[in-house]
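Since the structure comes first, as structure tokens, the remarks are kept for the end.
The values are calculated or read from the model by the stated rules, or taken from the named source; none is laboratory data. The shown structure was predicted, so the numbers you read here are calculated from the model rather than taken from an experiment. Positions of Cβ are backbone-derived with ideal geometry, glycine not excepted, and every protein chain shown enters the neighbour counts.
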Ligand code: HEC
Ligand code: HEC
């Protein structure tokens, strides 16, 4: 028993305690490093499945501002997972198109966005104003 109070044991116990307290935050941090994907959190995600879930709303706001519309332009109010509005399906096609343009021409960076063409309008213009 006397042996356990020897300074060397105290140091050992202190190290043990430190190791345990170090290990706990290291483990509990792991979920924060890998947040759930949009596909796991939401009900009907087809294109953006692997995106971290918290980013989906940033994309939705980029859609809204890019086209100058409200969420209800694409969504049935109170049931965001529903695909009843054709605009939502068009948005999926547009998203795939924009991702393709960026992948093929801009190294996958988000250079061409909804705003690039739409500029806050639902129908992009194809000619400069003077030529219309
Ligand atoms: C231009 C069309 C468009 C606009 C505007 C838009 N969304 Fe979306 N939203 C989509 C599409 C398309 C998806 C599905 C994405 C996919 O399949 O990867 C989606 C998915 C969602 C989902 C996931 C629903 C589920 O459970 O599957 C939520 C929530 C959502 N949008 C909220 C919003 C909010 C809030 C706004 C307004 C700030 C908004 N959206 C504006 C097209 C739009
Ligand atoms: C390369 C240019 C381009 C980009 C980028 C683009 N769009 Fe479009 N989009 C168009 C054109 C052109 C039309 C009009 C098509 C028509 O009149 O038939 C259109 C039409 C649409 C429509 C139908 C509008 C309506 O009045 O029904 C939706 C919805 C839409 N785009 C969503 C998006 C979203 C969301 C993004 C970003 C992910 C996007 N678009 C990016 C060119 C683009």
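Values computed for the structure shown
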{"read-out": "Tally, over the range 84-112, of residues that are more than 6 Å from ligand 2 (Cβ to nearest atom), under 22 Å from residue 69 (Cα atoms) and either out of contact with any strand residue (DSSP E or B) (no Cβ under 9 Å at 6 or more places or on another chain) or outside any loop (DSSP other than H, G, I, E, B) (or both)", "value": "10"}
{"read-out": "Test set (1) outside any helix (DSSP H, G or I); (2) in contact with a helix residue (DSSP H, G or I) (Cβ under 6 Å, 6 or more places away or on another chain); (3) within 8 Å of ligand 1 (Cβ to nearest atom) - residue 122 fails condition number", "value": "(3)"}
{"read-out": "Unmet criterion (only one of (1) surrounded by 11 or more Cβ atoms within 10 Å (Cβ to Cβ); (2) within 15 Å of ligand 2 (Cβ to nearest atom)) for residue 39", "value": "(2)"}
{"read-out": "Positions within the range 15-49 being more than 19 Å from residue 89 (Cα to Cα), modelled with pLDDT of 95 or more and either within 12 Å of ligand 1 (Cβ to nearest atom) or part of a helix (DSSP H, G or I) (or both), in sequence order", "value": "37, 40, 41"}
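Each row is one residue, and each column tells you yes or no for (1) near ligand 1 (Cβ under 8 Å from one of its atoms); (2) modelled with pLDDT of 95 or more; (3) surrounded by 12 or more Cβ atoms within 10 Å (Cβ to Cβ); (4) under 20 Å from the mean Cα position of the chain (by Cα).
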position: 64; (1), (2), (3), (4): yes, yes, yes, yes
position: 75; (1), (2), (3), (4): yes, yes, yes, yes
position: 81; (1), (2), (3), (4): yes, yes, no, yes
position: 87; (1), (2), (3), (4): yes, yes, yes, no
position: 93; (1), (2), (3), (4): no, yes, no, yes
position: 97; (1), (2), (3), (4): no, yes, yes, yes
position: 102; (1), (2), (3), (4): no, yes, yes, yes
